[in-house]
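The values are calculated or read from the model by the stated rules, or taken from the named source; none is laboratory data. Because the structure is predicted, anything quoted here is derived from the model rather than measured. FYI the Cβ positions are ideal-geometry reconstructions off the backbone, even for glycines, and counts take in every protein chain you see. Protein only, heavy atoms only, side chains kept; ligands, DNA and RNA dropped before computing areas. Shrake-Rupley method; radii C 1.70, N 1.55, O 1.52, S 1.80 Å.
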Amino acid sequence: MLRHSGKHPRQLLDINNSPGGVGIHALYELNNSGFAAGLQRSVKAAVKRTTELGQVHS
């Protein structure tokens, strides 16, 4: 979305969140819980392992 729209990340957040701030408050809590970081690490680990497996079978 960032590349496609050319908008600043904050603008995209404002467009996609409700005026009452429900979504942004949820995002704040998600980031503070450590869950988002854990999810990021798990995706990176999966990509790394997939790459390793791809090299073994090439």
note = Treating only Lys and Arg (+1) and Asp and Glu (-1) as charged, each at its beta carbon, one finds that the chain has a dipole about its Cα centre, in Debye to the nearest 20, of 220
message = Give me the 1.4 Å probe accessible area per residue for the chain, excluding ligands and nucleic acids, in Å².
response = 89
task = Taking the dipole about the Cα centre of the chain, with the C-beta of Lys and Arg at +1 and of Asp and Glu at -1, give me whichever of Gly20, Pro9, Thr51 is farthest to the positive side.
result = Thr51
key: Asn16 versus Leu30: modelled label distance in nm, points set 7 Å from Cα along the beta carbon direction   = 0.8
note = Classified through the alpha carbon gyration tensor (a ≥ b ≥ c as square roots of its eigenvalues; rounded if a/c is under 1.5, else prolate when a/b is larger than b/c, else oblate), the chain comes out oblate
task = Whenever you get a sec, compute what percent of the accessible area on the stretch 2-58 sits on carbon and sulfur atoms (1.4 Å probe).
result = 61
